[in-house]
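What follows is calculated from the coordinates using simple rules that are stated; it is not laboratory data. Not measured: the values here are computed from a predicted model. We place every Cβ from the backbone using ideal geometry, glycine too, and count neighbours over all the protein chains shown.
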Amino acid sequence: MRIGVPKEIKRFEHRIAITPDGVRAMKAAGHTVYIEKGAGIGADIPDEAFSRAGATLLDSHAELFALSDMVFKVKEPLPEEFELFREGQILFAYLHLAADKRLACMLVEKGVTAVGFETVQLPDGHLPLLEPMSEVAGRLAVQEGAKYLEKTYGGRGVLLSGIPGVARAQVVILGGGTVGRNAAKIAVGMGARVTVMDVRKSILQHFDDLYGVKIETLASTPENIERCLAGADLVIGAVLIPGASAPRLISRAHLKGMRKGAVIVDVAVDQGGCCETTHPTYHDDPIFLVDGIVHYCVANMPGAVPVTSTWGLAQVTLPYALALAEKGIKAAVDDRAILSGVNAHRGHITHATVARSIGLPCKELAATDL
Ligand SMILES: NC(=O)c1ccc[n+]([C@@H]2O[C@H](COP(=O)([O-])OP(=O)(O)OC[C@H]3O[C@@H](n4cnc5c(N)ncnc54)[C@H](O)[C@@H]3O)[C@@H](O)[C@H]2O)c1
């Protein structure tokens, strides 16, 4: 198969979907790999490293799309890329269609087979291709939150750790999955007081076993959320219902009850956000204020640390990319995780939760369709 890895065009997105090791593995399996010139520079991978590994470098974004049977990229295609897709082409990337009906419609109209990293799900519910980026985003959320708590940025002017004799800051984490777990680890490490809320008791039990009295765990109920928001310095939105829009846990009215200068890092912004006042922002202008509350809502947080993120992501996506390259969409017959990753195929949305979220009809895939 001909695999095309374009340069990401989203603002301040410097990750690339493949590393030279991945190119070598693709070549060893008999595939052709096209890489757009300069696509790896932001992740500190020069063109020569890719050509040494056997990739063919191309100057043109459009030519790369035209030559590829599978477009393997990191972020969802942007509108200026829509016309480059064609019927039957495979797209393997983060898609987040629940927050992007326009993209979903394009994939349906063009008959693209789109496999979304974020819905590739193992039988135990695990999301292996979301995990490393959620690890990055969770850790980064505390780092960014700590920065925007500084007065210069409109924050409360508190130090997460406090100092001897002065109270530590209160960090509230909504959702104790991968983002929440990683945020908690860093927040505890930085000396903050940490509360984690989730709807699943088993998640809270895990935090309790791991951290004991260093972390407070609370059921995610409207009353608990309202009370915790009122006392929070930093709130991290880390909830997810796979494939669906993020549940709206923080309303505009809640902001009025919060401390002025508190910070909300809504990591779930890529699924629409868990805060009513969230809208996506970019790394060059990441925050805005609503009712005195600082909102940080960057939808591609791992793009800020593209070296770490590229290597973290590429190592987990490669086995799936190799399977798709070898068998095409028939890879989904052998691997239910890939099947759950198929969001669109032959002119239909094929993921029930995604379809429900954006109000499009769903035609779930059967092995006979593939
Ligand atoms: N902005 C970014 O750059 C970026 C990067 C990575 C991940 N994300 C997003 O972060 C979000 C979290 O990802 P994750 O990998 O941690 O997911 P996850 O599935 O590991 O964890 C989500 C957690 O949310 C919990 N949850 C669901 N509904 C809840 C509710 N009403 N109240 C409290 N908890 C609830 C679930 O029980 C689960 O434990 C996703 O939307 C993901 O796409 C964003």
Compare Asp291, Asp335, Asp124 in a GNM of the chain, Cα atoms joined below 10 Å, and give the one with the largest fluctuation. Asp124
Restricting things to alpha carbons, tell me how big the chain is in terms of Rg and Dmax, in Å. 21.0, 67
Choose one answer from Arg259, Arg181, Arg11: the residue with the largest mean-square fluctuation in a GNM of the chain with alpha-carbon springs under 10 Å. Arg11
If each residue of separation counts as 0.36 nm, what is the full-extension length gain between Lys363 and Ala66 once their alpha-carbon separation is subtracted? 104.2 nm
On a full-extension model of 0.36 nm per residue, what is the gain between Ser161 and Tyr211, subtracting their alpha-carbon distance, rounded to one decimal in nm? 16.3 nm
Students often get this wrong, so check it: of Lys10/Lys37; Lys185/Lys214; Lys147/Lys185; Lys10/Lys185, which have C-alpha atoms separated by over 20 Å? Lys10/Lys185
Between Glu83 and Arg200, take the C-beta separation as r, use R0 = 51 Å, and let me know the FRET efficiency to the nearest 0.05. 0.75
Roughly how tilted is helix 306-327, in degrees to the nearest 10 and between 0 and 90, from the longest Cα axis of the chain? 40 degrees
Please turn the phi angles of the stretch 214-223 into ³J(HN,Hα) values with the Karplus equation 6.51 cos²θ - 1.76 cosθ + 1.60 (θ = phi - 60°), one per residue in order, whole Hz, x for glycine and proline. 6, 9, 9, 10, 9, 5, 7, 10, x, 5
With +1 on the Cβ of every Lys and Arg and -1 on the Cβ of every Asp and Glu, the dipole magnitude of the stretch 230-311 about its Cα centre, in debye rounded to the nearest 20, is 300 debye
Kindly write out, for the stretch 332-348 in residue order, the coupling ³J(HN,Hα) from the Karplus curve 6.51 cos²θ - 1.76 cosθ + 1.60 (θ = phi - 60°), rounded to whole Hz, with x marking Gly and Pro. 6, 6, 8, 10, 5, 5, 5, 4, 5, x, 6, 9, 8, 7, 6, x, 9
Roughly what would the spin-label model give for Lys330 and Leu57, points 7 Å off Cα along C-beta, in nm? 3.6 nm
Given Cβ point charges of +1 (Lys, Arg) and -1 (Asp, Glu) and nothing else, what value in debye, to the nearest 20, does the dipole of the chain about its Cα centre take? 680 debye
Could you derive backbone 3J(HN,Hα) for the stretch 150-163 from the dihedral phi with the Karplus parameters 6.51, -1.76 and 1.60 (θ = phi - 60°), listing whole Hz in sequence and x where the residue is Gly or Pro? 5, 4, 3, 9, x, x, 5, x, 10, 9, 3, 7, x, 9
Added length on full extension, which subtracts the Cα-Cα distance from 0.36 nm per residue, Leu289 to Glu109: 61.0 nm
For Lys363, the lysines lying under 24 Å Cα to Cα, once residues fewer than eight places off in the same chain are dropped, come out as Lys101, Lys110, Lys327, Lys330
Starting from the Kirkwood Rh over alpha-carbon pairs, what translational D in µm² s⁻¹ does the stretch 202-262 have by Stokes-Einstein at 10 °C and 1.306 mPa s? 120 µm²/s
Residue-averaged 222 nm ellipticity for the chain, from DSSP H runs of 4+ at -39500 (n - 2.57), nearest 500: -10000 deg cm²/dmol
Peptides 52-59, 94-101: what's the order by average Cβ count within 10 Å, highest mean first? 94-101, 52-59
What is the set of long-range amide H partners of Leu58 at a cut-off below 5 Å, with H atoms built 1.01 Å from backbone N? Ile35, Glu36, Lys37
How would the stretch 131-304 be classified by its alpha-carbon gyration tensor: rounded, prolate or oblate, with rounded meaning a/c under 1.5 and the a/b versus b/c comparison settling the rest? rounded
In the stretch 131-304, if the dipole is taken from +1 on Lys/Arg beta carbons and -1 on Asp/Glu beta carbons about the Cα centre, which of Val158, Ala146, His206 is farthest to the positive end? Val158
Part-to-part distance (alpha-carbon centres) for the stretch 38-80 and the stretch 345-370, which is given in Å: 29 Å
Where in the stretch 284-300 is the amide nitrogen less than 14 Å from a point lying 7 Å along the Cα-to-Cβ axis of Lys256? 291-292
How much of the DSSP beta bridge set in the stretch 173-290 is antiparallel, as a percent to the nearest 5? 5 percent
